[in-house]
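Below is one structure, written out as structure tokens; the observations come after it.
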Amino acid sequence: MKKRDFLSISDLSMGEISTLFERARAFKKGNITKSLEGKSVVLIFEKASTRTRLSFEVGISALGGHPVILSTETSQMGRGEPIKDTARILSGYCDGIVLRTYEHFRIEELAQWASVPVINALTDLLHPCQVLSDCFTLQEQLGSIKGKKIAWIGDGNNMANSWIDAAGLFGFELMLACPKGYDPDNELLKKALKKGSSIKIVRDAKLAAKDAIAINTDVWASMGWEAEKEVRKKAFANFQVDQNLMKLASSNAVFMHCLPAYRGLEVSDDVLEGKQSIVWEQAKNRLYVQEAILEFLIGKKG
């Protein structure tokens with residue numbers, strides 16, 4: 001059987017996503033299986049991580065597998081061993097590879113040369129595990145999101161790009177409010193629009209928030225862009241999610257953030273801690289959705 005990778009949400013069909021969500025709901029209820037028993041999964045983190053690393057490590061262990069943490073600093077990758085060499089070596093030792101890295105081509109090259117499944121734990125272009133889990137959380141909280149409006153406020157970063165990926169599959173309307181010069185990836189956007197996805201970019205956060213069932217944001221300076229922090233603070237000054245913005249959304253709207261959050265910048269403290277915030281449930285659900293992904297790609301079949 002040909003191995004499957006999970007590099008973007010569009011690697012899955014909606015039928016497969018529905019199955020994953022069913023398994024995630026079962027795991028959340030405590031109906032855990034040992035589908036990774038006897039299997040080892042290597043976790044490579046070239047960027048800092050809290051939620052992603054913990055949820056994968058705990059999830060692999062809960063499914064009976066053995067997580068192996070590998071960093072570039074303590075491996076031969078740190079001295080420049082080619083990705084294709086690393087991919088083939090890891091494939092000989094482990095049953096799956098989870099990578100969190102910078103340029104997206106790095107995980108594409110890893111997947112090309114690895115003979116075991118590769119899972120994207122974040123690149124500069126995409127963060128599919130997070131957004132797939134966020135869609136699971138939205139459905140859990142609000143029911144079907146098909147035809148509903150979801151707002152993205154802020155930077156057109158890897159999170160925004162993965163929401164673009166998700167829009168077509170889940171059938172929701174996505175409106176992204178980004179400052180000029182901070183739009184999401186144009187190629188991904190064009191591809192999604194060509195497939196008929198309902199996506200629009202605006203410059204007014206209020207327009208994006210109006211009647212939305214979910215208002216979503218992220219830090220203004222993602223990992224790798226810290227040097228631009230002060231410049232971005234000025235560019236994003238009108239893109240903070242506060243109570244006034246939340247009042248424009250649907251009456252049952254929720255607030256979402258992938259965390260970590262900078263209170264007083266992209267989100268006000270009272271929104272993050274408010275009754276509409278589902279950020280802590282979002283974070284918790286990463287574990288169950290990623291367990292479902294691990295089982296689907298690496299778990300014992302039959």
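Remarks
- Hits in the stretch 203-257 (condition: in a strand (DSSP E or B) and among the aliphatic types (A, V, I, L, M)): 214, 215, 241, 254, 256
- Residue list for the stretch 1-16, restricted to those being under 19 Å from residue 301 (Cβ atoms) and in a helix (DSSP H, G or I): 11, 15, 16
- Every condition in (1) in contact with a Ser or Thr (Cβ under 9 Å, 6 or more places away or on another chain); (2) touching a residue at least 60 places away in the same chain (Cβ under 8 Å); (3) assigned to a helix (DSSP H, G or I) is met by residue 88 except one, and the failing one is (2).
- Filter pass, residue 53 being over 17 Å from the mean Cα position of the chain (by Cα) and either part of a helix (DSSP H, G or I) or on the phi < 0 side of the Ramachandran plot (or both): no
- When residues of the stretch 71-95 are limited to those that are modelled with pLDDT of 90 or more and among the aliphatic types (A, V, I, L, M), the one surrounded by the fewest Cβ atoms within 10 Å (Cβ to Cβ): 89
- Number of positions in the stretch 136-187 that are under 20 Å from residue 248 (Cβ atoms) and aliphatic (A, V, I, L, M): 11
- Residue that is nearest to residue 116 (Cα to Cα) [pool: residues in the stretch 262-302 that are hydroxyl-bearing (Ser, Thr, Tyr) and not in a strand (DSSP E or B)]: 288
Rundown of residues vs (1) farther than 19 Å from residue 128 by Cβ; (2) exposed (fewer than 13 other Cβ atoms within 10 Å of the Cβ); (3) at pLDDT below 95, yes/no style:
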position	(1), (2), (3)
165	no, no, no
184	no, no, no
189	no, no, no
209	yes, no, no
214	no, no, no
223	no, no, yes
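- Residue in the stretch 277-287 that is touching a residue at least 40 places away in the same chain (Cβ under 8 Å), more than 25 Å from residue 29 (Cβ to Cβ) and buried (at least 21 other Cβ atoms within 10 Å of the Cβ) present: no
- Out of 47, 34, one residue alone is outside any helix (DSSP H, G or I), free of Cβ contacts under 8 Å to residues at least 40 places away in the same chain and either assigned by TED's automatic domain parsing to the domain that holds residue 88 or crowded, with 16+ Cβ neighbours inside 10 Å (or both). It is 34.
- If you filter the stretch 234-253 down to residues that are of a type outside the set (A, V, I, L, M) and closer than 24 Å to residue 221 by Cβ, you find that the one that is surrounded by the fewest Cβ atoms within 10 Å (Cβ to Cβ) is 234.
- The condition of being loosely packed, with under 14 Cβ neighbours inside 10 Å and of a type in the set (A, V, I, L, M) holds for only one of 219, 202, that being 202.
- Within the stretch 238-252, residues that are closer than 21 Å to residue 178 by Cβ and at pLDDT 95 or above sit with their Cβ atoms under 6 Å from residues that are of a type in the set (Ser, Thr, Tyr) and surrounded by 14 or more Cβ atoms within 10 Å (Cβ to Cβ), at 6+ positions apart or across chains, in these pairs: 241/217; 242/268.
- With respect to the conditions (1) under 30 Å from residue 31 (Cβ atoms); (2) surrounded by fewer than 20 Cβ atoms within 10 Å (Cβ to Cβ), residue 256 lacks only one, and its number is (2).
The values are calculated or read from the model by the stated rules, or taken from the named source; none is laboratory data. Please read these numbers as outputs of a predicted model, since none were measured by experiment. Here Cβ is always computed from backbone atoms with ideal geometry, including for glycine, and neighbour counts include all displayed protein chains.
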